[in-house]
Amino acid sequence: MALNPAYSDQERVFAGAFDLLRAGIEQRAFPGAVLAVTLGDNLVALKAAGRFTYDAGSPEVNADTIFDLASVSKIVATTPMAMVLYQRGLLDLDAPVQAIVPEFASPDPGRAEVTIRMLLAHSSGLPAYVRLFERANTREALLLAACRVPLEAAPGERTEYSDIGFILLGEALARLAGEPLDSFCQREIFGPLGLAHTGFNPPHAWRPRIPPTEDDGRFRHRVVQGEVHDENAWVLGGVAGHAGVFAPARDVARFAHAVFRGGRPILRPETLAVFAQPQAARSGEPRALGFDVPSPPSQSGRYFSRHSFGHLGFTGTSLWIDPERGLSVTLLTNRTWPNRASQKIKRIRPALHDAVGQALGLDHRNA
């Protein structure tokens, strides 16, 4: 997807958004970033700023820089895999998780009610996050530990974002497919969409293009670069349902473009419609199946319509897609460098999305 010549003057058109990228770097919200904006069939903005770290001698970020997507992996890999299996008749959204992953079963009667749909919609009752890596040092041990995490709410009672749920979802999908997520996604998703530099466990040759995410003095005791930042995903071998995909902004934008085409060539429009539909829960912010949806105040800002969906990633990444407006905004950063303490991106990100909306002349009152 090439930058549309009609927006060759992107420095002027998107000046406000690009100024916010530079401000984020100056305020140390993140050392480097790439912004990609698509409108209809066109890539209308692609802007890189900053460096791999705050060191003046660090490599400069460019349009081809590859980032750890963190939880954006959920919508560019795990959820599309679920959609492919669903449209092939291999995935029943309302199947009990324990029917696919028997290790999830326990004497607690509530566990039998947890379904694949609930894992996708984050309404399973599982907690948001558990530091499983502190007591499990192999993939098998961590998966078993995830299966044994107690529910914190009755299934379907409330929506609460859960990485643990997506770890289990990734394992369930792999068992249904009869192969790991990474090989399935490469053949069925990344390859057909032309995402040439997207994947789990990036090869060593890509490392010079990947910024570090953290100087980890607590667990790995080294600079984390070219390997997944999330510790649970790292123990899982870098291939997990909740994190692990690396990609450049151009590839993420190309994925968004496929969504505008109804998921073609990998998905049918009716499949995408099922998964993009917000799910009901008795409490908590609504979510679609695998996707987040804007809930004011949203990190997507004020210009994305109520039919939009997307996701954030812990490392400072995000993708928001608005099929109604034909708009997508990809923001990739390594805001966790040199450590994960800074939350300044939470101010920069919605303002940047608003600046894109303003540059395109959108009306937030109709969002």
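The values are calculated or read from the model by the stated rules, or taken from the named source; none is laboratory data. Nothing here was measured: the structure is a model prediction, and the numbers come from that model. Every residue, glycine among them, receives a Cβ derived from its backbone with ideal geometry; neighbour counts consider all protein chains shown.
Against the condition under 15 Å from the mean Cα position of the chain (by Cα) and β-branched (Val, Ile, Thr), how does VAL245 come out, does it pass? Taking the combined requirement at face value, the residue satisfies it. Filtering the stretch 178-202 to residues that are outside any loop (DSSP other than H, G, I, E, B), touching a strand residue (DSSP E or B) at 6+ places or on another chain (Cβ under 7 Å) and not hydrophobic (A, V, I, L, M, F, W, C) leaves ASP182, GLN186, GLY199.
Of ALA253, ALA276, all but one fail to be in contact (Cβ under 8 Å) with a residue 60 or more places away in the chain and of a type in the set (A, V, I, L, M, F, W, C); the exception is ALA253. If you filter the stretch 146-175 down to residues that are of a type in the set (A, V, I, L, M) and surrounded by fewer than 20 Cβ atoms within 10 Å (Cβ to Cβ), you find that the one that is farthest from GLU113 (Cα to Cα) is VAL149.
Residue by residue through the stretch 263-279, note down the ones that are of a type in the set (Gly, Ala, Ser) and in contact with a helix residue (DSSP H, G or I) (Cβ under 9 Å, 6 or more places away or on another chain). Across the stretch 263-279, the qualifying residues are GLY263, ALA276.
Scanning the stretch 116-145 for residues that are surrounded by 14 or more Cβ atoms within 10 Å (Cβ to Cβ), small (Gly, Ala, Ser) and within 24 Å of the chain's Cα centre (by Cα) returns ALA121, SER123, SER124, GLY125, ALA145. Contact map, the stretch 183-212: residues that are surrounded by 13 or more Cβ atoms within 10 Å (Cβ to Cβ) paired with residues that are hydroxyl-bearing (Ser, Thr, Tyr), Cβ distance under 7 Å, separation 6+ or inter-chain. Pairs shown: PHE190/THR198; ARG209/THR65; PRO211/THR65; PRO212/THR53. Could you please let me know if ARG175 is in a loop (DSSP other than H, G, I, E, B) and more than 24 Å from SER318 (Cβ to Cβ)? So ARG175 fails the test. Here LEU331 does not fit the description of being part of a loop (DSSP other than H, G, I, E, B), at pLDDT 95 or above and not hydroxyl-bearing (Ser, Thr, Tyr). Scanning the stretch 106-115 for residues that are in contact with a Pro (Cβ under 9 Å, 6 or more places away or on another chain) and surrounded by fewer than 18 Cβ atoms within 10 Å (Cβ to Cβ), we see that the one that is modelled with the lowest pLDDT is ASP108.
For the stretch 213-226, residues that are charged (D, E, K, R) and touching a residue at least 24 places away in the same chain (Cβ under 8 Å) total 2. Residue check: ALA56 meets all listed conditions (1) in contact (Cβ under 8 Å) with a residue 24 or more places away in the chain; (2) in a loop (DSSP other than H, G, I, E, B); (3) surrounded by fewer than 16 Cβ atoms within 10 Å (Cβ to Cβ) but one, namely (1). For the stretch 258-302, taking the residues that are polar (S, T, N, Q) and touching a strand residue (DSSP E or B) at 6+ places or on another chain (Cβ under 8 Å), the one that is surrounded by the fewest Cβ atoms within 10 Å (Cβ to Cβ) is identified as GLN279.
Which number in (1) surrounded by fewer than 21 Cβ atoms within 10 Å (Cβ to Cβ); (2) within 18 Å of the chain's Cα centre (by Cα); (3) farther than 17 Å from SER162 by Cβ marks the one condition that GLY310 misses? Tallying (1) surrounded by fewer than 21 Cβ atoms within 10 Å (Cβ to Cβ); (2) within 18 Å of the chain's Cα centre (by Cα); (3) farther than 17 Å from SER162 by Cβ, GLY310 fails exactly one: (1).
Taken as a whole, the structure leaves ARG111 outside the set of residues that are over 23 Å from the mean Cα position of the chain (by Cα) and closer than 23 Å to GLN186 by Cβ. If you go through the stretch 340-360 and keep only what is touching a residue at least 40 places away in the same chain (Cβ under 8 Å), of a type outside the set (Lys, Arg) and either on the phi > 0 side of the Ramachandran plot or outside any helix (DSSP H, G or I) (or both), you end up with SER342, LEU360.
For the stretch 47-54, state whether one or more residues are more than 26 Å from VAL228 (Cα to Cα), among the β-branched types (Val, Ile, Thr) and more than 20 Å from the chain's Cα centre (by Cα). Looking for residues that are more than 26 Å from VAL228 (Cα to Cα), among the β-branched types (Val, Ile, Thr) and more than 20 Å from the chain's Cα centre (by Cα), one finds none in the stretch 47-54, hence no. Of all helices (runs of 4 or more DSSP H) completely enclosed by the stretch 79-164, which ones contain at least 2 residues that are among the polar types (S, T, N, Q) and in contact (Cβ under 8 Å) with a residue 24 or more places away in the chain? In the stretch 79-164, 79-87 are the helices (runs of 4 or more DSSP H) which contain 2 or more residues that are among the polar types (S, T, N, Q) and in contact (Cβ under 8 Å) with a residue 24 or more places away in the chain.
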